[in-house]
1. So for segment 53-106, considering every pair of alpha-carbon atoms, how many percent are separated by more than 14 Å?
2. If R0 is 25 Å, what FRET efficiency do you get for SER235 and ASN107 from their C-beta distance, rounded to 0.05?
3. Amide H to amide H, which residues 5 or more places from GLY119 or on other chains are under 5 Å from it, using H placed in the peptide plane?
4. Using the Karplus equation 6.51 cos²θ - 1.76 cosθ + 1.60 (θ = phi - 60°), what ³J(HN,Hα) coupling, rounded to whole Hz, does each residue of segment 265-278 give in order, writing x for Gly and Pro?
5. Please calculate how many Å² of accessible area segment 162-235 carries per residue, with a 1.4 Å probe and no DNA, RNA or ligand atoms counted.
6. Step through the residues of segment 230-236 one at a time and calculate ³J(HN,Hα) from phi using the Karplus curve (6.51 cos²θ - 1.76 cosθ + 1.60, θ = phi - 60°), rounding each to whole Hz and writing x for Gly and Pro.
7. Kindly state, to the nearest 0.05, the FRET efficiency for ARG128 paired with ALA45, given R0 = 25 Å and r defined as their beta-carbon distance.
8. Could you order the peptides 278-286, 152-160 from most to least packed, using the average number of other C-beta atoms within 10 Å per residue?
Amino acid sequence: MAVVGTLLSLLVFLSLFGTFLTFYMPLWMSDNESDFTAGIATSMAELQSNMQLQAATGGPPVLSTPFTMSSQSVPLLSVPTTGTLAFLPRTPGASVSLTIPNFLTANTLYHQTFGGSLGTLTLTLPNRYYTPTTFEMEDGAVIQYESDTNQLIVYPPIFALQKMGTSLSLTLSLTQMYGNATRLTSPGTIQAYSSLLGDTQTLRNNNTAAVSSFFLNVTTHYPCAWTNFFLSSRSAANVTASQMSVTSVDTSGCVSVGGEAKTVDVEITNIATVTLLLANFQLSAGIGVV
């Protein structure tokens, strides 16, 4: 009888343990990875906020942002999920160009471009129980990517479009990140340091005449995110499609791009005033690295 009782107790334990492994551990780890993803999103928002503050006020010269690079674990049963931070000062397929006729002086074409030197910061989270997610900071925007058709700008750049009667005004920023190419995978917390390089430039037309038209071209691996952002900005400002057109070379819409970069074109007409903020940053990441 003692043997039977022991065997029954063992079967009950194995049944409960199997139920725990099958149902409760995945839920536990899913919660852990969900918290991990939310924490990385918060850190990206803090880094963006720090850089916007530095660009707007000219300081502080250096600010740091902590990134917790791994999730919690299930003791003895599941290891933490660890993310990877990668910074590229020159990102293939990422560029921004801006063209404004009659911007600073009449009959003069103003052109600014960040070509292959547009820096990007990427956090890759290879979640096993929660949705695998990538966050990328690109030209001042924080993009969340889960698939080619599930990508959005979760923290937008400065792109303030306002309607004044029949004409428009726009304030926008262009941000470039420089530094050494970096790739870090750490089970702990690392710091990302943003250092403002030189003085921030604030350019605006002198209001003696409307600039009339404005052209912005964003080449990116996240065309759906940028297209939807510009369309949402247009809708929020109550601007018609005839005043602001948003087009992409991918005319079929947000479909799988297979890693290929696409260009999103924005044209605004009947625009009276433009304020342009240009800021350059040195970015570094690590433990005690500035």
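The values are calculated or read from the model by the stated rules, or taken from the named source; none is laboratory data. These figures come from a predicted structure and were not determined experimentally. Reconstructed Cβ throughout: ideal geometry from the backbone, glycine too, with neighbour counts over all protein chains shown. For the accessible areas, the whole protein counts, side chains as well, though only heavy atoms, and no ligand, DNA or RNA atoms are used. Shrake-Rupley method; radii C 1.70, N 1.55, O 1.52, S 1.80 Å.
1. More than 14 Å apart: 78 percent of the Cα pairs in segment 53-106.
2. 0.15
3. Placed amide hydrogens put MET177 under 5 Å from GLY119.
4. Those phi angles translate into 10, 10, 10, 10, 10, 6, 9, 8, 10, 9, 10, 10, 10, 10 Hz.
5. Here the residues of segment 162-235 average 47 Å² of exposed surface.
6. For segment 230-236, the Karplus-derived couplings read 5, 5, 5, 5, 5, 5, 5 Hz, x marking Gly and Pro.
7. In this case the efficiency is close to 0.50.
8. 278-286, 152-160
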